[in-house]
Amino acid sequence: MSERTFSWELFNKAPLVGIIRNVSPEDVKRILPIYREAGLTTVEITMNTPGATDMIRYALENEHYGLNIGAGTVCTKEDLDAALEAGAQFVVTPVLSKKVVKSCVKKGIPVFPGAYTPTEIFNAWELGASMVKIYPATALGPGYIKDLKAPMNQLKLLPTGGVSLENMEAFLKAGANGLGIGGQLFDKKLIQDKNWDGLKAHFLQFAQKLAL
């Protein structure tokens, strides 16, 4: 488990979880400082990325200042154990696994489990989720967040999947407490071309939208 704990203060400065999936370790090493310099603060490395645990370890040893480093796509207790052993400061799941959520709550690790229907979402919250990841948010869009918040305004929601530069403002206005963004944020072409200046400018656009 990480000796460094998740900072809500950092998260609230830029309430966006950047999802790193299938990016090489060399590129991750270049991306993390650029991500921080752009004003973004929270990143998850998915456990189905080759070398994920090594990347989480590297990030915590070398780039932890000003960043929350977590593990994503945590589906099983085995995934969770590996993620926490690597030092993950928070955990994100694509589905609602009671075992994973309860274990995180017991250990005091923020957990953002994936859920979709109102019942799943409420159950995740009742289990002790720090925020509930609404996944996939693509089809129902910002209106769904607004509809969920109307009767259950105590919920903290993190729409993920289909969130982009164009609609992130609408999700936040609808009541989202944060946003999960993967491919739209970590632009494959910019990364493949090693266009680090371009990537920083791209990140800055997201950071600026969060500041509105």
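Side notes on the structure shown:
- Note on the chain: helix-only mean residue ellipticity at 222 nm, from DSSP H runs of 4+ residues weighted -39500 (n - 2.57) and normalised by residue number, equals -13000 deg cm²/dmol.
- The chain: most fluctuating residue of Asp27, Asp54, Asp193 per GNM, C-alpha cutoff 10 Å: Asp193
- Relative contact order of region 2-121: 23 percent, from C-alpha pairs under 8 Å at least 6 residues apart in sequence.
- Highest-MSF residue in the chain out of Asn177, Asn167, Asn68 [GNM, Cα springs under 10 Å]: Asn167
- With each label modelled as a point 7 angstrom along the Cα→C-beta vector, the Trp8-Asp197 pair spans 4.1 nm.
- Within the listed set Ala88, Ala124, Ala38, the Gaussian network model of the chain (springs between alpha-carbon atoms below 10 Å) gives the highest mean-square fluctuation for Ala38.
- A 1.4 Å probe over all protein chains sorts Tyr135, Tyr144, Tyr58 by accessible area into Tyr135, Tyr58, Tyr144, starting with the largest.
- Two-site label geometry, Lys209 and Lys77: point separation in nm, points 7 Å out along Cα→Cβ: 4.0 nm
- Gap separating the Cα centres of region 127-150 and region 43-89, nearest whole Å: 24 Å
- Our summary gives the chain a relative contact order of 20 percent, counting only alpha carbon pairs under 8 angstrom and 6 or more residues apart.
- Given charges at beta-carbon only (K, R positive; D, E negative), |dipole| of region 52-161 in Debye: 420 debye
- Selection from Leu127, Gly114, Tyr144, by position along the positive dipole direction of region 82-212 (Cβ): Leu127
- Gain upon complete extension [Glu166, Asp54; 0.36 nm per residue less C-alpha separation]: 37.0 nm
The values are calculated or read from the model by the stated rules, or taken from the named source; none is laboratory data. What you see is a predicted model; the values in this text were computed from it and never measured. Virtual Cβ from ideal backbone geometry, glycine too; neighbours counted across all protein chains shown. Side chains are part of the model used for accessible areas, which takes the heavy atoms of the whole protein and leaves out ligands, DNA and RNA. Shrake-Rupley method; radii C 1.70, N 1.55, O 1.52, S 1.80 Å.
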